[in-house]
Amino acid sequence: MAKYELREAALELLTRIGEQGGYSHVLLDQEMKKRSLSSKDGGLLTEIVYGTLQNKLKIDYQIAPNISKQKKLKPWVKWLLYMSVYQMLYLERVPDHAVIHEAAEIAKNRGHKGISGLVNGVLRNIQRNGVQDPSKIEDPAVKLSVETSHPEWLIHRWIDQYGFEVTRGICFQNLKHLPMAVRVQPLRISRGEAAAELAERGIQTENSEFSSQGLIITEGNILNDPLFKRGQLTVQDQSSMLVAEMMSLEPGQDVLDACSAPGGKTTHIAEKLKDQGTVYAYDLHKKKANLVNEKAKLLHLQSIETKQADSRHLCDLHEKESFDRILLDAPCSGLGVLRGKPDIKYHKKEEDIYALRGIQDDLLESLAPLLKVNGKLVYSTCTIDKHENMQAVQHFLENHSEFEIDEEFHNELPAHLQNSQGWSEYGLQIFPQDWDTDGFFLTRMVKSKPSF
């Protein structure tokens, strides 16, 4: 693929993601499949798209002084500047003159000579004058916002919740590459066997401390490995693996996964049950529920029953006290997974957090009667916001005297997590900087008497 075409593709993706709210990981995957890109081209496209998104506010800080405040740029021109400055600042193997030339050509083909001249002028000014130093910004929150490309409202919110140093750690960690982690299907292969086979193909791994099934990829490209096609391996972040590990599962149990797509936790539950028992997996959207079914088939798991339904109304489909275990991996703001989905930090607003909390409360309320007495309910999210996590659990417990935090939960956590800075009386908040994972929250509650 010609470099010019590749950068046109990157610009198209960035404009769609940035202006229309498309999901970066979905659109990027679709684009690479559509164009049948080589691993080299796919890697460069991914780097330009994710790198530009990850550093957008810092890049804007460099561009702003070179554009008149009265000048309103078309979205594609703005994103062309963003991606070009990203390449100039962060991709040393691409010469500045090549970046500037290609940007000017793209601008001329998409617009006219005037736009091409503007793009060329802005980029040459940055090349000539060098970058602005954000360290000169006096307000610590504003400085951190620019340095790490996190919106100011989010910086202030995290500072209020966790203090400046924890917030700073979150923001800088979100700029770092997230190591890929995979989970073995233990009914088909052991972790040791999988690691040995991968090593034969030059893929180096380390054992995860979050799950006895987890491997961290330290070297090599694993995405097209035969272990996936044979249903012996699946991609899953370490923090997500912790969920099934902490559900206290035994073969033969009836388990409800209320928000199951895309199926990573669902299939992990089935594996922990040794595929004996039943996992009832629901999702609000039929298409997403089908993804769970496809993953179950790929991993050769028979114990999963997948259906489309609104989990706020599952009492219409199941009798009270039907389940030994319930997992509510709740819809959330996703503010813990910004390393892999950087577009979230620009699309989410503070009001979204409060709207999502209403859904989380409704789901907990509706699922409570479905759990058997002495059954256990795990609540998890991929966010690091207290309002969606600790405060949601606190609110639920205050209104449901039949539930309490399971006293055994803390002691059953992996040893390295038991004294984590994110531990509270309401559960475990994992910050991305603590263990080089996604940000994540989980807790486990036990039901001591029937719901009223």
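The values are calculated or read from the model by the stated rules, or taken from the named source; none is laboratory data. Just so it is clear, the structure is predicted and the values come from calculations on it, not from any experiment. Reconstructed Cβ throughout: ideal geometry from the backbone, glycine too, with neighbour counts over all protein chains shown. The area values use the complete protein model at the heavy-atom level, side chains included, leaving out ligands, DNA and RNA. Shrake-Rupley method; radii C 1.70, N 1.55, O 1.52, S 1.80 Å.
Odds and ends about this structure:
- Residue among G422, A289, Q161 farthest towards the positive dipole end of the chain, charges placed on Cβ: A289
- Distance between the 7 Å Cα→Cβ label points at N221 and K34: 2.1 nm.
- With each label modelled as a point 7 angstrom along the Cα→C-beta vector, the N419-K176 pair spans 2.1 nm.
- Against the chain, whose longest principal axis comes from its Cα atoms, helix 191-200 is set at around 30 degrees.
- Note on Cα extents along the principal axes in Å: of the candidates (1) 60, 55, 40; (2) 88, 50, 43; (3) 72, 49, 39, the value calculated from this structure sits at (3).
- Point-charge dipole on Cβ atoms (K/R +1, D/E -1) for segment 170-315, about Cα centre, debye to 20: 460
- In degrees, nearest ten, helix 24-35 long axis to first principal axis of the chain (Cα): 70
- Computed about the Cα centre, the dipole magnitude for the chain is approximately 2200 debye when only Lys and Arg (+1) and Asp and Glu (-1) carry charge, each at its Cβ.
- Between K113 and Y354, the FRET efficiency from the beta-carbon distance, with R0 = 30 Å, is close to 0.05.
- Remark: relative contact order (segment 1-108) = 31 percent; criterion is Cα-Cα distance under 8 angstrom and separation of 6 or more residues.
- Using C-alpha pairs under 8 Å with a sequence gap of at least 6, the mean separation divided by the residue count of the chain gives a relative contact order of 12 percent.
- Under-5 Å amide H pairs with L91, H placed in peptide plane, nonlocal only: none
- Ranking Y61, S311, L327 by Cα position along the charge dipole of the chain, where only Lys, Arg, Asp and Glu carry charges on their C-beta atoms, puts Y61 farthest toward the positive end.
- For the set E102, E19, E200, E209, solvent exposure ranked by accessible area (probe 1.4 Å, protein chains only) runs largest to smallest as E200, E209, E19, E102.
- Ellipticity estimate at 222 nm from DSSP helix runs (n ≥ 4, -39,500 (n - 2.57)) divided over the chain, nearest 500: -14500 deg cm²/dmol
- FRET E, pair R312, D60, Förster distance 56 Å, beta-carbon r, rounded to 0.05: 0.90
- Rolling a 1.4 angstrom probe over the protein heavy atoms with all chains in place gives the chain an accessible area of 45 Å² per residue.
- Greater than 21 Å apart at Cα, pairs in K71/K136; K58/K136; K58/K348; K58/K349; K265/K376: K71/K136
- Amide H contacts for I304 (H built 1.01 Å from N in the peptide plane; partners 5 or more residues away or on another chain; cut-off under 5 Å): V279.
- Charge dipole (debye, nearest 20) of segment 80-171; +1 at Cβ of Lys and Arg, -1 at Cβ of Asp and Glu: 440
- Accessible-area rank, largest first, for D160, D352: D160, D352, with all protein chains present and a 1.4 angstrom probe.
- Efficiency of FRET from Cβ geometry, R93 and L291, R₀ 35 Å, rounded to 0.05: 0.45
- Expressed as a whole percent, the accessible surface of the chain that belongs to carbon and sulfur atoms is 47, based on a 1.4 Å probe.
- For segment 151-161, 3J(HN,Hα) per residue [Karplus equation, 6.51 cos²θ - 1.76 cosθ + 1.60, θ = phi - 60°, Hz, x = Gly/Pro]: x, 4, 4, 6, 4, 5, 5, 5, 4, 4, 7
- Per-residue 3J(HN,Hα) values for segment 100-113, derived from phi via the Karplus relation 6.51 cos²θ - 1.76 cosθ + 1.60 with θ = phi - 60°, read 5, 4, 5, 5, 5, 5, 4, 4, 5, 6, 8, x, 7, 4 Hz in sequence order (x marks Gly and Pro).
- Model label points for H156 and Q394, set 7 angstrom from Cα along the Cα-to-Cβ axis, are 2.2 nm apart.
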